Structure formats: structure tokens, C-alpha cells
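A short worksheet on the structure shown next.
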Amino acid sequence: MKQNTQTLTIPLRSWDAWLGEIGFWALAIVVPLMGHLFHWNVRAVLPMHWVIMLAALVYGRMGGFAAGLVSPLLNTLLTGMPAPAMLLPMTLEITTYGFVTGTLREKLRWHGSFCVLFAIIAGRSVFLVYHLLFRTYQGDFLVWAWKTLQPGLFAALLQVILLPLMAYLILKLLNNKSHA
């Protein structure tokens, strides 16, 4: 049986890879901005979450970490969203998504769906712990947590299903381009 030694992600070791990574940063600005402009329920659609985990599936843990760290700040500076009060908890959450997704895919070679699922659990946990520690919620914490997480459950399910497929297509396209 032939051993599969193919890398599952593209390392950020070339200008081309960094240009692709920066393209994800741009998408992480444009997609949420479109959501706000077209009055999507961004708490249900979670537009930036998609882009960060996709960046991690394509460019690994460093790509996911960088996209998660930079994108919320760029969004706040360029669009005013997320609001400054939400910048830190969202940055922690999004960076966790990127790093966990990329690490599980790149280092442990997990299937993309499991990477995304565990990253969602980890990122949402970081978000909730932040709010619990700093008591930024109102009323009963569990009620607040459910009301906060419930709108994004369908998007999370779609992310688990669709993001690995999207990453596969992007990686296939990029690998074909590099062999041309």
C-alpha cells in the first residue's frame, strides 16, 4: 500500500502562499461587510468564521492563526465592525478557530469536518469563558449563552459539511496551478 505523504495544507513559505493568505484576510473583511450591507443576521450566518476556518484548512495552523488574529482588527479599523467592545472576545474566538482547525488538519491530519467541528467547540468555549470571566452578559449565564449560540448552530453545521469541500477545491486548484 502506497503511503500518502502529500501535505494537506500549503505552508506559508512563499510569496504566492502569503498572497493567498492575505486574500483570505480581504475576504474576511468583504464577506461580513456584505452581510451587514444586505442585512443578514450575522449572528446566524457567522460570515467571518467561515473565512478563517477555510484559511486554516488551506494554509494550516499559521495561516488560520494569522487570519484569526488580523481579520477582526482590520474589520474594526476599516468598517467599525465588530464594535470595539466585541473586538477582544471575537478575536480570541476567531483566532482559536483558525489555530485549532489548522493544527488538527496540518499536524494531526484529521479529516476537515472533524477539524472544523472541534474548532467550533473550542472557539465558542473560549468566547463563553471570556464573557463568564468578565461578566459581560446580562441575566442568567446559561440562558444568555444559549441565546448567543443558538442562532449560529445551522451555520456551524453547514461549516462542518461545506468548508472541507471548499478547501479541497481550492487546494486542488492551487496544486494544479503550481504543476502547470
**Request:** Report yes if some residue within segment 50-60 is on the phi > 0 side of the Ramachandran plot, free of Cβ contacts under 8 Å to residues at least 60 places away in the same chain and surrounded by fewer than 21 Cβ atoms within 10 Å (Cβ to Cβ); otherwise report no.
**Result:** no
**Item:** Output for segment 47-82, where each listed residue is in contact with a Pro (Cβ under 9 Å, 6 or more places away or on another chain) and assigned to a loop (DSSP other than H, G, I, E, B)
**Value:** Met81, Pro82
**Message:** Scan segment 127-146 and tell me whether some residue there is acidic (Asp, Glu) and either on the phi > 0 side of the Ramachandran plot or not in a helix (DSSP H, G or I) (or both).
**Reply:** yes
**Request:** Select from segment 23-52 the residues that are more than 18 Å from Ala83 (Cα to Cα) and of a type in the set (A, V, I, L, M) and list them in ascending order.
**Result:** Ala26, Leu27, Val51, Ile52
**Request:** Return yes when Met90 is modelled with pLDDT under 95 and either in a helix (DSSP H, G or I) or of a type outside the set (Lys, Arg) (or both) and no when it is not.
**Result:** no
**Message:** in contact with a helix residue (DSSP H, G or I) (Cβ under 9 Å, 6 or more places away or on another chain) and part of a helix (DSSP H, G or I): is that true of Trp25 in this structure?
**Reply:** yes
**Message:** Just checking, does segment 12-26 include any residue being surrounded by fewer than 15 Cβ atoms within 10 Å (Cβ to Cβ) and farther than 22 Å from Ile170 by Cα?
**Reply:** no
**Request:** Please work out which one of (1) under 18 Å from Ile94 (Cα atoms); (2) surrounded by fewer than 15 Cβ atoms within 10 Å (Cβ to Cβ); (3) touching a residue at least 12 places away in the same chain (Cβ under 8 Å); (4) not aromatic (Phe, Trp, Tyr) is the condition Val160 fails and give its number.
**Result:** (2)
**Request:** Scan segment 96-112 residue by residue and report those that are charged (D, E, K, R) and in a helix (DSSP H, G or I).
**Result:** Arg105, Glu106
**Message:** I need the full set of residues from segment 92-134 which are charged (D, E, K, R) and closer than 18 Å to Pro164 by Cα, in order please.
**Reply:** Arg105, Glu106, Lys107, Arg109
**Asked** Going through segment 70-119 one residue at a time, which ones are surrounded by 17 or more Cβ atoms within 10 Å (Cβ to Cβ), without any contact (Cβ under 8 Å) to a residue 60 or more places away in the chain and of a type in the set (A, V, I, L, M)?
**Response** Val70, Met81, Met90, Leu92, Ile94, Val100, Leu104, Leu117
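The values are calculated or read from the model by the stated rules, or taken from the named source; none is laboratory data. Since this is a predicted model, take the numbers as computed values, not measurements. Methodologically, a virtual Cβ is constructed for each residue, glycine included, from the backbone with ideal geometry; neighbour enumeration extends over all protein chains shown.
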